[in-house]
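For reference, the structure discussed in these notes is given below.
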Ligand code: PAF
């Protein structure tokens, strides 16, 4: 695997592969890789001949009081894991490479409505930061296929919408969430949990399972399920941002006719803000 930090170097490698007729698969990450990322990478490799991963902790998607400065950065280990996973090129730009040195704020990509709900309401500007950096990365790498985790369900929806609206010739693939054996969704932010909090954290998955089982068996009083899910998590010591039943396609509030649903949670436990979701078809 080759590691590059410059945009021109990425373009040169990708252009050479294209001339050989290769399909390019891409996984953007913020590094600190774990088994969840490796599953994205394995999926990406099935869809391309050459595989590129990026590692960039994107300042634009962190709020002023969030964990940008402390976000875990483990480039040496990430490089080993990407090499073992069969990655061809690791792109690791710095902030100046991605956003320049100027005092002028960068051009932004805003995906309205779908960015404003759920996490967007609690993290203003977050999805604008995500959409902007992913658009830039797509322009740099020009992938045929890009893979994103379903754990960040709203992020995936925002990226799908942006890709369609801006006519990127990239197919977006969602990869299933990878869980610890007790159900906790894998996340770099799980490391912020104390031992006691880590023991409580799987309750998020348990609450999601309870809600989705009820919906699959025909319950359609979503407001009640949301109240019950939130109460269950609060009783375990979580501070809830939301526990919400939404339409899968656009994350709007479902009507009685909607069947393709997703239940989403964002909850804080100590220093960690955990998100998770489960998709369900109404019974
Ligand atoms: O999911 C992430 O790790 C990030 O939000 C992404 C997509 C790499 C953009 O910075």
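Bear in mind these aren't lab numbers, they're just calculated from the coordinates by the rules spelled out. Being a predicted model, the structure only gives us computed values, none of them experimental. Neighbour counts are summed over all protein chains in view; Cβ atoms, including those assigned to glycine, are modelled from backbone coordinates with ideal geometry.
What does the C-alpha gyration tensor say about the overall shape of segment 82-146? Classify as rounded when a/c is under 1.5, otherwise prolate if a/b is larger than b/c, or oblate.
Working: a/c = 2.23, a/b = 1.42, b/c = 1.58.
Judged from the Cα gyration tensor, segment 82-146 comes out oblate (a/c at least 1.5, b/c at or above a/b).
Quick one: helix 35-46 against the long Cα principal axis of the chain, what's the angle to the nearest 10°, folded into 0 to 90?
Computed tilt is about 60 degrees.
Rounded, prolate or oblate: which fits segment 1-108, taking a ≥ b ≥ c as square roots of the Cα gyration tensor eigenvalues, rounded meaning a/c under 1.5, else prolate when a/b beats b/c? Walk me through the numbers before you get to the answer.
Working: a/c = 2.19, a/b = 1.34, b/c = 1.63.
In terms of gyration-tensor shape, oblate.
Give me the percent relative contact order of segment 126-283, please, defined on Cα pairs under 8 angstrom at least 6 residues apart.
Numbers: 235 pairs, mean separation 32.9, N = 158.
It comes to 21 percent, rounded to a whole number.
Kindly state, as a whole number, the per residue volume in cubic angstrom of the convex hull around the alpha carbon atoms of segment 3-44.
Values: hull volume 3.4 nm³, N = 42.
Here the figure is 80 Å³ per residue.
Which number do you get for Rg(Cα) / (2.2 N^0.38 Å) in segment 58-107?
Relative to the rule-of-thumb radius for its length, segment 58-107 sits at 1.45.
Using only Cα atoms, what is the ratio of the radius of gyration of segment 217-283 to 2.2 N^0.38 Å? Show your work: numbers first, answer last.
Values: Rg = 12.4 Å, N = 67, 2.2 N^0.38 = 10.9 Å.
Compared with the compact-globule rule of thumb, segment 217-283 sits at 1.14.
Using only the Cα atoms of segment 168-262, build the gyration tensor, take square roots of its eigenvalues as a ≥ b ≥ c, and label the shape rounded, prolate or oblate: rounded if a/c is under 1.5, else prolate if a/b is larger than b/c, else oblate.
Numbers: a/c = 2.14, a/b = 1.18, b/c = 1.81.
Because a/c hits 1.5 or more and a/b fails to exceed b/c, segment 168-262 counts as oblate.
How much mean residue ellipticity at 222 nm does the chain get from its helices, if each DSSP H run of length 4 or more adds -39500 (n - 2.57) and you divide by all residues, to the nearest 500 deg cm²/dmol? Please list the in-between numbers first.
Working: 10 runs with 107 residues, N = 283.
Taking each H run of at least 4 residues, the total per residue is -11500 deg cm²/dmol.
Give the angle, between 0 and 90 degrees and rounded to the nearest 10, that separates the Cα long axis of helix 75-84 from the longest principal axis of the Cα atoms of the chain.
80 degrees
Where does helix 222-235 land angle-wise versus the long Cα axis of the chain, in degrees 0 to 90, nearest 10?
Tilt of helix 222-235: around 80 degrees.
Along the principal axes of its C-alpha atoms, what lengths does segment 110-242 span, in descending order and rounded to whole Å?
Computed over the Cα atoms, the extents are 46, 36, 27 Å.
Would you work out the relative contact order for the chain, in percent, from Cα pairs under 8 angstrom that are 6 or more residues apart? The partial results should precede the final answer.
Details: 495 pairs, mean separation 49.2, N = 283.
Worked out over the chain, it gives 17 percent.
Counting other beta carbons within 10 Å of each Cβ, put 11, 246 in order, fewest first.
Least crowded to most crowded, the residues run 11, 246.
Taking every eigenvalue of the Cα gyration tensor of the chain, multiplying by 5 and rooting it, what semi-axes result, largest first, whole Å?
Numbers: eigenvalues 214, 84, 70 Å².
For the chain, the semi-axes come out at 33, 20, 19 Å.
Could you grab the relative contact order for segment 110-159? Cα pairs under 8 Å, six or more apart, rounded to a whole percent.
Details: 28 pairs, mean separation 23.3, N = 50.
Relative contact order comes out at 47 percent.
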